[in-house]
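The values are calculated or read from the model by the stated rules, or taken from the named source; none is laboratory data. This is a predicted model, so every value here is computed, not measured. Cβ placement follows ideal geometry from the backbone for every residue including glycine, while neighbour counts extend to all protein chains displayed.
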Ligand SMILES: N[C@@H](CCC(=O)N[C@@H](CS)C(=O)NCC(=O)O)C(=O)O
C-alpha cells in the first residue's frame, strides 16, 4: 500500500494523477500547507524540505518500506514500479527524463514565482511580475514548439506530460494567455480528457484554496515559519 501525503496544488496533483494512471492501491493523508502541517516532525522525517508531495510505499525495493519526496523522483519511482509511462529504451527514456527535469527545474519554480509575485505577494513589484510573467510565457512557447512535433511532449503519453499538465492547467486557470499556442491548447484538452487524469484531479479537490492569502498563511508559506522549522537530517530510504 502507498501512503500519499499531499495537498491539491500543481505539484501534489502530479502524483494524484500518476497513482490513478498506474492503478496502484493508495491511501491519502492530507497535509494542510496553509495551516503549517508540513512542519510536523513526523512529516519532516520523510520530507525534510517541508513540501508536499511525498509518499511512503510499504512494499518498496527489497520488500522493505521506502519513503520518497520530490514529485519528479516520485513519478520515476511509480513508473519504474509499474512499468508504465517511462519507456525502458535508453533513447526514449532520456526523451522523457529531459522534459521531466525541464518541468521540475524550469516550469515549477518559474511558474511558482509568477504565482507568488503576481498573486500571492502583498506588495506588487512590477519588475518581478514582468520577469516571471515573461519567463512563464517563454516556457509555454517551448512546450508549444515541442507539441508541434510530437502528439505528447516526448512522443507517447508519459510522466513528463503529467508533470507539465498540472502546471499548464493552473497557468491557464490563473489568467495565463496561451491564445495563439494551438498545439499546447490541443494537448491540454487531450490530457485533461484522460479518465485517470479526471479521477486524479478529484483527489483532495474539496480542499483547493486560493493564492490570495491571509497574513497568517503568508507567514506560514513565505515568512518566519519557514525559517523556524525544526530541521531534520533527511529521510531514511
Ligand atoms: N520541487 C518540489 C516542489 C514541491 C512544492 O513546492 N510543494 C509546495 C506545494 S506546491 C509545498 O509543499 N509548499 C509548502 C511550503 O513551502 O512550506 C516537488 O516537485 O515536489
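Taken over segment 9-45, the criterion of being under 17 Å from residue 75 (Cβ atoms) and part of a loop (DSSP other than H, G, I, E, B) is satisfied by 9, 23, 24. Just one residue in the set 129, 178 is over 17 Å from the mean Cα position of the chain (by Cα), more than 14 Å from the ligand (Cβ to nearest atom) and in a loop (DSSP other than H, G, I, E, B); that residue is 178.
Scanning segment 179-213 for residues that are modelled with pLDDT of 85 or more, farther than 30 Å from residue 60 by Cβ and surrounded by 10 or more Cβ atoms within 10 Å (Cβ to Cβ) yields 181, 182, 183, 184, 185, 186, 187, 188, 190, 192, 208.
Any idea how many residues of segment 82-95 are surrounded by fewer than 14 Cβ atoms within 10 Å (Cβ to Cβ) and touching a strand residue (DSSP E or B) at 6+ places or on another chain (Cβ under 8 Å)?
Count: 0.
Confirm whether residue 167 is under 16 Å from residue 142 (Cα atoms), touching a strand residue (DSSP E or B) at 6+ places or on another chain (Cβ under 8 Å) and either surrounded by 18 or more Cβ atoms within 10 Å (Cβ to Cβ) or free of Cβ contacts under 8 Å to residues at least 12 places away in the same chain (or both). So residue 167 fails the test. Residue 79 meets each of the listed conditions (1) within 28 Å of residue 213 (Cβ to Cβ); (2) crowded, with 22+ Cβ neighbours inside 10 Å; (3) touching a helix residue (DSSP H, G or I) at 6+ places or on another chain (Cβ under 7 Å) apart from (1).
With respect to the conditions (1) farther than 19 Å from residue 100 by Cα; (2) in contact (Cβ under 8 Å) with a residue 40 or more places away in the chain; (3) outside any strand (DSSP E or B); (4) more than 8 Å from the ligand (Cβ to nearest atom), residue 62 lacks only one, and its number is (2).
Among all positions in segment 33-40, there is no residue which is more than 12 Å from the ligand (Cβ to nearest atom) and surrounded by 17 or more Cβ atoms within 10 Å (Cβ to Cβ).
Can you go through 161, 219 and tell me which one is in contact with a strand residue (DSSP E or B) (Cβ under 6 Å, 6 or more places away or on another chain) and assigned to a helix (DSSP H, G or I)? Lay out the reasoning, then the answer.
On the way: 219 fails: in contact with a strand residue (DSSP E or B) (Cβ under 6 Å, 6 or more places away or on another chain).
Just a single option satisfies the conditions, and that option is 161.
When the residues of segment 102-113 are filtered to those that are touching a helix residue (DSSP H, G or I) at 6+ places or on another chain (Cβ under 6 Å) and within 14 Å of residue 169 (Cα to Cα), the one that is surrounded by the most Cβ atoms within 10 Å (Cβ to Cβ) is 103. Just one of the listed residues (48, 25, 8) is surrounded by fewer than 17 Cβ atoms within 10 Å (Cβ to Cβ), assigned by TED's automatic domain parsing to the domain that holds residue 221 and closer than 24 Å to residue 206 by Cα, namely 25. Is it fair to say residue 143 is in contact (Cβ under 8 Å) with a residue 24 or more places away in the chain, under 30 Å from residue 214 (Cα atoms) and buried (at least 16 other Cβ atoms within 10 Å of the Cβ)? It is false that residue 143 is in contact (Cβ under 8 Å) with a residue 24 or more places away in the chain, under 30 Å from residue 214 (Cα atoms) and buried (at least 16 other Cβ atoms within 10 Å of the Cβ).
Per-residue answers, yes or no, for (1) within 15 Å of the ligand (Cβ to nearest atom); (2) part of a helix (DSSP H, G or I); (3) more than 24 Å from residue 66 (Cβ to Cβ):
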| site | (1), (2), (3) |
| --- | --- |
| 78 | yes, yes, no |
| 85 | no, no, no |
| 88 | no, no, no |
| 92 | no, yes, yes |
| 98 | no, yes, yes |
| 106 | yes, yes, yes |
| 113 | yes, yes, yes |
| 116 | yes, yes, yes |
| 119 | yes, yes, yes |
